[in-house]
Amino acid sequence: MRIEKHPILDFKRGKKVEFQFEDRTLTGFEGEPIAAALHDHGIMVLKNSLRHDRPRGFFCAIGHCSSCLMEVDGCPNVRVCVEPLKAGMVVRRQQGKGVLR
Amino acid sequence: MIHEPEVLIIGGGPAGLSAARQAVKAGCKTTLIDDAFDLGGQLVKQTHKFFGSEMEYAGVRGIKIPEILLDEIKDDSNFEYLLRTSATGYYEDGVVTALYENNEMLKFKPKKLIIATGASENTIPFVNNDLPGVYGAGAVQTLMNVYGVKPGEMGLMIGAGNIGLIVSYQLKQAGVDVAAVVEAAPKVGGYWVHASKIARLGIPIKTRTTILEAIGKEKVEGSRIASVDENWQPIPGTEQTINCDFICLAVGLYPLSDIFHLAKCEMKYVPELGGEVPVRDWEMKTTIEDIYVAGDAGGIEEASSAMIEGALAGLSAANALGKEPEDYNNVKCQLINELSELRCGPVGDHIRCGLAQCSMEDENES
């Protein structure tokens, strides 16, 4: 769901890179937030809430609301709305609070 | 290692950048930190042209303002800024800690601290308000205006203040449909010029209407709205289902005041300003010597007033450091006048009322 034509804006996108989400290989633009790349592919559920196991997604986009914590390259609780995408990243929905390795 | 700038500014939005400009121009060694990818705060997604006076860049698109503010100081050796750097603490000895790129801890011990942390978005209660696809309006702007990704195909906007109206317009520009703008108040809260643009696009603005529910299991697949009575209660029988795949909340902001609390600045809860804000004087100084406030962190207002408050804070901090900014008294008076002009008239009623609750008397004026 990329915006291809915009009356005012030119989007400065990084180079196209591949990354892993769960067991899928997806593409995104280097340097954009991981959440933006996931959203482009229609992936809305980023985690599940701890107590009631409710689906949670992108909400504030400024790293404040904790609704988008995911496991990135094995590191849990990464705020994917403010974490830049890099080639080869492995992004997963984490279980519960995640595990520090 | 402890960094010891003369002025440390937390937040690189309109307030923080203006503060930096004044402090650097006055000759202060200034460091600015911001947790985002770019300087500019919320300006980076404001594709619309600003109103107000020329001094606050009326007629200029918000996205262009950060570079204008930076222009005079970006090559100054007294100025440095760090991005992706989140302030994480304030300690009794005046040390500010920050986390750089999620892995390096930095420590600062500035002589003067200017807190311009801005605001975060409110939410409102309704069934399933935590469902993926329920977004803050600012988040929608970031996603589409900065990264060029559509939030969905058909949105429902909650709130007809300026943000709700402007973002609805921007959604249409991005090729996304807006089913309706709903507003619980009896009339539109934003400027008529924005409301008219929405109306011309054929987007219905439904006042005295509220959202009851987001429909969906894993993500938003629709919504239910209803009319409200004078007591803001939904009127049975007026429920309506709206076809949408995302819901955008433009129901206000609250000041990000964590650091003021850590520093034990005297705080007041001021509903007109969006929440808890620090008590301050005319120079934007809080009740803690050496700590200043500017912009939405001190009360929700607009980018224009944030820029003036920032300038005032930067100037005051520089003056307190003995830097004697050029033409200090005149510039200060001019800034204070600009602020009162922005806040005059009925539109500024609530701001004036709010500020009256958290402003200290100015000794010079009494």
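Throughout, read-outs are computed from the coordinates displayed, never taken from laboratory work. Note that the structure is predicted; figures quoted are calculated from it, not measured. Neighbour counts run over all protein chains shown; Cβ positions are idealised from the backbone, glycine included.
Cross-link reach is defined here as a Cα-Cα straight distance under 17 Å, omitting same-chain residues fewer than 8 places apart; for B:LYS111 the aspartates and glutamates meeting it are B:GLU4, B:GLU6, B:GLU80, B:GLU92, B:ASP93, B:GLU283, B:GLU289, B:ASP290, B:GLU324. Centre-to-centre, using Cα atoms only, the stretch B:1-66 and the stretch B:326-354 are separated by 19 Å. What you get for the stretch A:1-73, charging only the Cβ of Lys and Arg (+1) and of Asp and Glu (-1), is a dipole of about 260 debye around the Cα centre. With a cut-off of 11 Å on the backbone N, the residues of the stretch B:245-275 near the modelled label site 7 Å out from B:ALA185 along Cα-Cβ are B:252.
For a straight C-alpha distance cut-off of 18 angstrom, the aspartates and glutamates reachable from A:LYS15 (same-chain residues fewer than eight places away being disregarded) are A:GLU4, A:GLU30, A:GLU32, A:ASP40, A:GLU83. Could you give the nm distance between label points at B:THR88 and B:GLU289, where each point is 7 Å from its Cα heading toward the beta carbon? Computed distance between label sites B:THR88 and B:GLU289 equals 3.1 nm.
Here's the list of lysines a cross-link from B:LYS187 could span, going by alpha-carbon distance under 17 Å and ignoring same-chain residues fewer than 8 apart: B:LYS197, B:LYS206. Given axes a ≥ b ≥ c from the Cα gyration tensor, I'd like to know whether the stretch B:37-143 is rounded (a/c under 1.5), prolate (a/b larger than b/c) or oblate. Judged from the Cα gyration tensor, the stretch B:37-143 comes out oblate (a/c at least 1.5, b/c at or above a/b). Taking the inverse of the mean reciprocal distance over all distinct Cα pairs, the Kirkwood hydrodynamic radius of the stretch B:123-249 comes to 14.3 Å. Remark: mean inter-chain Cβ contacts per residue of B:255-267 equal 0, using a 10 Å Cβ-Cβ cutoff to other protein chain atoms. Between B:ASP258 and B:ASP75, the distance separating the two model label sites (each 7 Å from Cα on the Cα→Cβ line) works out to 3.7 nm. Which residues in the stretch A:27-61 have a backbone N closer than 13 Å to a point placed 7 Å from the Cα of B:LYS217 along the Cα-to-Cβ line? Only A:55 fall inside the zone, counting backbone N under 13 Å. For the peptide A:83-91, the mean number of other protein chain Cβ atoms found within 10 angstrom of a residue's Cβ is 1. Length gained on full extension, B:ASN102 to B:GLU324, computed as 0.36 nm times the residue gap minus the Cα-Cα distance: 76.1 nm.
Counting other Cβ atoms within 10 Å as a rough exposure proxy, the listed residues B:ASP71, B:ASP258 run B:ASP71, B:ASP258 from fewest neighbours to most.
Between the stretch A:1-27 and the stretch A:29-101, the alpha-carbon centres lie 16 Å apart. Holding the Cα-Cα limit at 22 Å, pick out from B:LYS25/B:LYS49; A:LYS47/A:LYS97; B:LYS29/B:LYS74; A:LYS16/A:LYS97; A:LYS5/B:LYS49; B:LYS45/B:LYS285 the pairs that are longer than that. Going by Cα-Cα distance, B:LYS25/B:LYS49; A:LYS16/A:LYS97; B:LYS45/B:LYS285 fall outside the 22 Å limit. Across peptide B:116-125, the average count of Cβ atoms from other chains found within 10 Å of a residue's Cβ is 2. Taken along the Cα-to-beta-carbon direction at a fixed 7 Å, the label points for A:ASP53 and A:HIS6 span 3.9 nm. Highest mean packing comes first when the peptides B:166-173, B:104-111 are listed by Cβ atoms within 10 Å, giving B:166-173, B:104-111.
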